[in-house]
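Note sheet for the following structure.
No lab work stands behind these numbers, since they all come straight from the coordinates. Predicted model, so just to flag it, every value in this text is computed and none were measured. Virtual Cβ from ideal backbone geometry, glycine too; neighbours counted across all protein chains shown.
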Amino acid sequence: MDARFLGIRELDEVPSVAVVIDVMRAYTVAAWAFARGAERIVLAGSLEEALALKDRHPEWVALKDGPPAPGFDAVNSPGLMRSAELAGRTVVQKTTAGTVGALAVRDASLVLCAGFVVAEATAAVLRQVGGDGVTFVVTGEDGRAEEDLACAQYIAQRAAGHEGDAAEFLRRADTSRAAAELREGLRAGAHPDDVALCLELDRFPFAMVAAQEDSRTVLRPRAVSRPDQLNFGQDWPV
């Protein structure tokens, strides 16, 4: 498999297949939202758009990066999202990097959004789709976020059919700048368990596919079969 690893600003054309990576924390949060029963996640292009959608649809759940803010129901934290009641609900998500990356490649024929928690399911979809070229969008730190790059490289390895050991990839993410900032309380809207939750390999047995619906970019889960050898979390759904 021909894998490219690019930052958002390095995207010079619309890829055929794109995997958008945001480990800490957008797509770990999104996975938890689906695990808590969310039907879909609308990816907003701005805080203003997220608030406008919430205003038109008061029953939707709006979340953002940073501290709580008027008009928003939640913040971008897996530690907080894991206790949310979202059965059948629509979530509107706006983050600094993750949602920006997905919107940048929204015209690709296939867009997957991922973190370590859905790594194997994402790789399984890539194996099913086949083809040679996959663009991994490393969203954090202008494409230099070590946790996102490590996750992208791990998924690429699994998609190519290589077994490999996830330990080194997880170590790189665990010692990344983002992990340190979360642990030190430098990022608002965080929970003490956020880093650990972001590093739960294959926690969920679904991939997350972004597609255009009514001129919006909408993320939905795609269930993946669970062979016995896969190390998916045994207590999903939660």
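For the range 1-86, the fraction of alpha-carbon pairs lying more than 18 Å apart is 52 percent, rounded to a whole number. Normalised by the number of residues in the range 1-94, what is the relative contact order in percent for Cα pairs under 8 Å and 6+ residues apart? Once normalised by length, the contact order is 36 percent. Across the chain, the relative contact order, built from alpha-carbon pairs under 8 Å that are at least six residues apart, equals 31 percent. For the range 124-227, the equivalent ellipsoid derived from the Cα gyration tensor has semi-axes of 25, 19, 14 Å, listed largest first.
Summed over qualifying helices (DSSP H, 4 residues or more, each -39500 (n - 2.57)) and divided by its residue number, the chain shows a 222 nm mean residue ellipticity of -9000 deg cm²/dmol. Label-to-label distance, residue 73 versus residue 175, with points set 7 angstrom from Cα along the beta-carbon direction: 4.1 nm. Once backbone amide H atoms are built at 1.01 Å from N, residue 202 has 117, 118, 119, 120 as its partners under 5 Å, excluding neighbours fewer than 5 places away on the same chain.
By the Stokes-Einstein formula, at 0.890 mPa s and 25 °C, the range 68-188 with its Kirkwood radius over alpha-carbon pairs has D equal to 152 µm²/s. Note that the range 127-186 carries a Kirkwood radius of 12.6 Å, evaluated over its alpha carbons pair by pair. Shown is the FRET efficiency for residue 196 and residue 2, computed with R0 = 35 Å from the Cβ-Cβ distance and rounded to the nearest 0.05: 0.55. Name the residue, out of 45, 66, 185, whose mean-square fluctuation peaks in a Gaussian network model built on the chain with Cα pairs under 10 Å. Answer for the Gaussian network model of the chain: 185.
Note down the magnitude of the dipole of the chain about its Cα centre, charges +1 on Lys and Arg C-beta and -1 on Asp and Glu C-beta and zero elsewhere, to the nearest 20 debye. Rounded to the nearest 20 debye, it is 420 debye.
Legend: Rg and Dmax of the range 2-214, from Cα coordinates, 15.9, 47 Å. Taking springs between alpha-carbon atoms closer than 10 angstrom, which of 30, 87, 104 fluctuates most in the Gaussian network model of the chain? Top of the fluctuation ranking is 87.
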